[in-house]
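Just so you know, all these numbers are worked out from the coordinates, no wet-lab data involved. Just so it is clear, the structure is predicted and the values come from calculations on it, not from any experiment. Cβ placement follows ideal geometry from the backbone for every residue including glycine, while neighbour counts extend to all protein chains displayed.
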Amino acid sequence: ARLVSVTDEQVTLTSPVTMPKANGYLYNDKMLLQLNCRGYAISQFLQPEPAKYSFGPNLEATTFIQPEHHYYAHHPGRFFYLKDLITGELISLPYEPCRKRTDSFVFIQEKGQISWRISHNDLNINIRVSLCNAHIAECWHISIVNQSGSVKRVALYPYFTVGYQSWMNQSADYDETLNAIIASAITPYQKVSQYFENQELKDKTFLISERSPDAWLANQELFEGEGGLSNPTALRQRSLPNCGTQYQVACAAMQYDIELAPNEAFENKWAFGAAKNVDEIDAIKHVAFSDESSISPSLSANVSIQEHTGIIGSESWLFNYINTWLPRQIDMHGTTNRLTTDPQTRNYLQDNMGLSFLAPTKARRAFVRTMSQQHASGELPDGILLNETAELKYINQVPHRDHSAWLSISLLCYLDETNDTELLLEQLDFQDSDEQAPVYLHLTKSIEYLLEQRDERGLCFINQGDWCDPMNMVGHNGKGVSSWLSLATAYSIECFIRLINDYLPENLQGSLADKIAEFKEAKTALNNAVNTHCWDGDWYARGINDHGRSFGIKSDVEGRIYLNPQSWALLAEAVSPAKQYSLLNEVQKQLYTPFGVTMLAPSYTQMDEGIGRLTQKSAGIAENGSVYNHASVFYAYSLYQIGENDMAFAVLAKMLPTETDQIIRGQLPHFVPNYYRGAYHQFPEHAGKSSHLFNTGTVAWFYRCIVEELCGLKGKQGRLLVQPKLPKHLTRLSGTRHFRGADINFEYQQKDIESMQCWLNGTSLDKPVICNVEAGARYQLEVHLPRKHLE
Ligand code: CEZ
């Protein structure tokens, strides 16, 4: 069997050891469950702050979801021990903690479920899990079929980690009326006020069984005994001792003695999750075992495409990703908000930019929420609060200067897709004033704010960070500037102007005429300032710090060139043809690796106090020169803007594992991770490893690149522009684009012709635009493109 297979329906992996961190995820608006192929699990839910019900062995710090998560012996998991009562053999499924290889193994991610198909000693075992819609519960199901010609006698023991819940109080017991192990705890706290705040917390972890087990054990120490998790002492006895815990750490283990005649099957279901009290667990029991309870939501794409050139293996995964897994990843961002109640403002805006294509109403609400928290100065805060009790945490307590720049960029994308011109006139609050203002003035103010935050050279102050969070010491004394932010401001102005011209009613445009003229000048001034102070001969520097030192330049031994200023110079139209030629060359020479384009090179190996925390990260991880996909996708998008379609497509294609490098990347191709390790020339033996973190602003831009650029089907004032940007080797491409309620079936072909020709429903189009798109209608769009010859 192939190690990895991918379709629009599922991704499969046939080994638990070749890519040990390969994982899948399930989500809904209440929770997120990550499962790796070996049975380790990370589960979190929102109440409304993120919380757990299956914990590690020590008190864990609450933090954001991090890259390069590691697994260890007592990592939370969902394990099924299986003992052959005739031979005495003990294994655990899917693989941990016994780590015994089974005769066959398949790990399967589908949209709404994760499952394993395993066979061992003539038993066919199917394990699957999905999430309960209405509650915090994982719905597990197992079936075991005897494929042998003789009777099998086995004992099955689900063992689900409860772990260390609290240093104040924890216990666990079995509830016979519910067929459930219930572990109770008090979330630790110290302030009196917290006692009252914590009243609603779901402090109970439960494991409910559909049929009653033959025995159970809720005490982890007793379960493990001297044998440990890989050979638990409790499983050497004939029967689990039916024992709870009052002081020690809990676990949820049950025993089922099973006798199976040939072809006979055993089945059972469990629900595992968090609840406030026994009544809630009772309610969950009533819904969790019906199949309808667990239909996972997932938006479908508004584009689906097929290529017809028979491109081999790896690139075909890209199309499965685009049609199924990419929209799912975008939907996950929109549904879980990265499991925070205070998403970083730039993340929230970009995630919702992606949602503009799939769930525009939801995106609109998010934009409105964001602008209602804008300061009257025009500044967007670090972090958007999603509910009344939410607080700014972690990175949101560090001042970043770039948030305001993302507003016009994201909103232009939303308006192009929806033509929702009314939004611009909606009156919205500010965070710190009694005034209200229409959306278009919120946007105006955001640009004004960005322009105010410039130094005497006309470059934008960075303070403690811009898009790059850990670039925290470039400007913390108030002087350092960012070339990237200066260019992002110029690009944001460009988006603002397009947005006003295309979507604001003409009578109001007049009132903004002076502003627009002023902003246009400011854009030119920003670009000039960057060209004057940040061009270093062959590429743009990343900034000038508090001490007046430029960095990201030729004379730097580490961090010599950064990707973002090059990409955004292209977006901001700051680049002359000669400069463009040389910066593209330098990016290719210095930043390209077999795993994608790195964010900077060489990676730093020591702290640079004039740059900050970024330089302390391990060389090649995250912002310190990994293949940071968010930065790479900016590059791809900027390449499309200058018509470098082949290069752009190649950058996108590198964001997924392929059949030839999947083992190095260590990840399945159903999501784009936030990074792959870089530092390719410094540490080649580590380069390419996936961070396995599926939260990333990459996906919104990836989707735009596919829909608006590759397929070239971009909305504008309610019409659909047709400007396909096929790379040379994709000589045919077809698919369906859903736009404003209509379906456009498109067929593209490269032909030996001079210029593009388009037909809509058989009639030749003068201009490549579909006007008067009618909701509910179906259109046939045929396009012939002049063939580009492969060099
Ligand atoms: O966070 C991301 C941020 O969520 O890093 C990006 C930034 O643009 C996103 O908004 C680039 O800096 O060390 C750090 O502070 C890192 O910045 C991380 O927090 C990083 C993580 O990968 C979390 O998603």
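If you wrap the stretch 187-237 in the convex hull of its Cα atoms and look at it from every side, the mean projected area works out to 5.9 nm².
Annotation: peptides 233-244, 749-760, 447-458, 484-495, ranked by per-residue average of other Cβ atoms within 10 Å with the highest first, follow the order 484-495, 447-458, 233-244, 749-760. With the convex hull drawn over the C-alpha atoms of the stretch 625-698, the volume per residue is 92 Å³. Shown for the chain are the DSSP H helices of 27 Å or more along their axis, judged by Cα atoms, with a mean Kyte-Doolittle hydropathy of at least 0.5: 483-503.
Just so you know, the Rg over Rh for the stretch 407-466 is 1.06, from Cα atoms, with Rh as the Kirkwood radius. Equivalent ellipsoid of the stretch 10-157: semi-axes from √(5λ) of the C-alpha gyration tensor, largest first, are 29, 16, 15 Å.
Helix content alone sets the calculated 222 nm mean residue ellipticity of the chain: runs of n ≥ 4 DSSP H residues at -39500 (n - 2.57) each, divided across all residues, give -8000 deg cm²/dmol. Extent of the stretch 493-625 along its three principal axes (Cα atoms, max minus min coordinate, largest first): 57, 32, 26 Å. The fewest-to-most ranking of Y581, Y348, Y256, Y72 by surrounding Cβ atoms within 10 Å reads Y72, Y581, Y256, Y348.
Mind checking which of I744, L392, A679 is farthest towards the positive end of the chain's charge dipole, using Cβ charges of +1 (Lys, Arg) and -1 (Asp, Glu) about the Cα centre? Of the candidates, A679 comes out farthest on the positive side. For a distance above 17 Å, tell me the whole-number percent of Cα pairs in the stretch 678-724 that qualify. Of all Cα-Cα distances in the stretch 678-724, 58 percent exceed 17 Å. Annotation: peptides 533-539, 91-97, ranked by per-residue average of other Cβ atoms within 10 Å with the highest first, follow the order 91-97, 533-539. Please report how far the C-alpha centroid of the stretch 150-211 lies from that of the stretch 1-77, rounded to the nearest whole angstrom. For the stretch 150-211 versus the stretch 1-77, the Cα centre distance is 20 Å.
Estimated translational diffusion coefficient (Stokes-Einstein, Kirkwood radius over Cα pairs, 25 °C, 0.890 mPa s) of the stretch 722-787: 200 µm² per second. Temperature 20 °C, viscosity 1.002 mPa s: under these conditions the Stokes-Einstein estimate for the stretch 83-200, based on its Kirkwood radius over C-alpha pairs, is 121 µm² per second.
Using only the C-alpha atoms, the convex hull of the stretch 547-674 corresponds to 118 Å³ per residue.
Think of the chain as a dipole: +1 on every Lys or Arg Cβ, -1 on every Asp or Glu Cβ, centred on the Cα centre; then among P768, V151, Q641, V151 lies furthest on the positive end. Taking Cα centre as origin and charging only the Cβ of basic (Lys, Arg, +1) and acidic (Asp, Glu, -1) residues, the dipole magnitude of the stretch 340-408 rounds to 260 debye.
Using only Cα positions of the stretch 211-288, each an equal point scatterer, no hydration layer, compute I(q)/I(0) via Debye at q = 0.14, 0.15, 0.25 Å⁻¹ and quote the log10 values to two decimals. For the stretch 211-288 at q = 0.14, 0.15, 0.25 Å⁻¹, log10 I(q)/I(0) is -0.61, -0.69, -1.19. Between the C-alpha center of the stretch 711-768 and that of the stretch 500-516 there is a gap of 31 Å. Going from the residue with the fewest nearby Cβ atoms within 10 Å to the one with the most, F64, F595, F702 rank F64, F595, F702. The Rg/Rh ratio of the stretch 583-633, with both radii computed over alpha carbons and Rh defined as the Kirkwood radius, is 0.99.
Compactness of the stretch 442-564 was expressed as the Cα radius of gyration divided by 2.2 N^0.38 Å, which yields 1.15. Principal semi-axes of the equivalent ellipsoid, √(5λ) from the alpha carbon gyration tensor of the stretch 329-394, are 19, 14, 9 Å from largest down. Each peptide in 25-32, 79-86 gets a packing score, the mean of other Cβ atoms within 10 Å over its residues, and the list from highest to lowest is 25-32, 79-86. Quotient of the Cα radius of gyration of the stretch 439-484 and 2.2 N^0.38 Å, N being its number of residues: 1.24. Each Lys and Arg adds +1 at its Cβ and each Asp and Glu adds -1 at its Cβ; summed about the Cα centre, the chain shows a dipole of about 1500 debye. Per the Cα gyration tensor, the chain maps to an equivalent ellipsoid with semi-axes of 48, 30, 26 Å, ordered largest to smallest. Rounded to whole Å, the principal axis extents of the Cα atoms in the stretch 1-85 read 42, 40, 26, largest first. Residues T605, T341, arranged from fewest to most other Cβ atoms within 10 angstrom of their Cβ, appear as T605, T341. For the stretch 362-408, list log₁₀ I(q)/I(0) at each q in 0.16, 0.21, 0.30 Å⁻¹, using the Debye formula over Cα point scatterers of equal strength and ignoring solvent, two decimals each. Computed log10 I(q)/I(0) values: -0.45, -0.78, -1.29. Normalised by 2.2 N^0.38 Å, where N is the number of residues, the alpha-carbon radius of gyration of the stretch 609-663 equals 1.41. Projected onto its three principal axes, the C-alpha set of the stretch 650-771 covers 56, 34, 21 Å, listed from the longest axis down.
Hydrodynamic estimate: the Kirkwood radius of the stretch 327-475 over Cα pairs, inserted into Stokes-Einstein at 37 °C and 0.692 mPa s, corresponds to D of 209 µm²/s. For L90, the shell of other residues with beta-carbons less than 11 Å away shows a net charge of +1, using +1 for Lys and Arg and -1 for Asp and Glu. Each 5 Å bin, from zero up to the one with the longest distance, holds this percent of the alpha carbon pairs of the stretch 514-592: 3, 16, 25, 24, 15, 10, 5, 2, 1, 0.
A Cα-only calculation for the stretch 41-108 places Rg and Dmax at 15.7, 49 Å.
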